[in-house]
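Have a look at the structure below, then the notes.
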Amino acid sequence: MQHSIFISYRRDDSEGEAGRLYDDLVRTYGKNAVFMDVAGIAPGLDFRKA
């Protein structure tokens with residue numbers, strides 16, 4: 001699956017903002033277009049294959 005938008009953020013101080021950005025982008029472009037680590041990788045899955 002190819003994503004067009006990759007969200008990179010610091011968990012220490014911007015996880016909430018990144019989550020809201022993810023939600024807004026998914027509403028606009030669809031879930032298949034947006035990648036965010038906590039939403040796009042299942043637990044235990046190799047991130048290089050996600």
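Distance between the modelled labels on ASP46 and ARG20, one decimal in nanometres: 3.8 nm (7 Å Cα→Cβ projection). For the peptides 21-34, 3-16, the ranking by packing is 21-34, 3-16, with the highest mean count of neighbouring Cβ atoms within 10 Å listed first.
Computed from the coordinates by the stated procedures, all read-outs in this text should not be read as laboratory data. Bear in mind the structure is a predicted one, so any value in this text is a computation, not a measurement. When we count neighbours, we look across all protein chains shown, and the Cβ atoms used for this are built from the backbone with ideal geometry, even at glycine.
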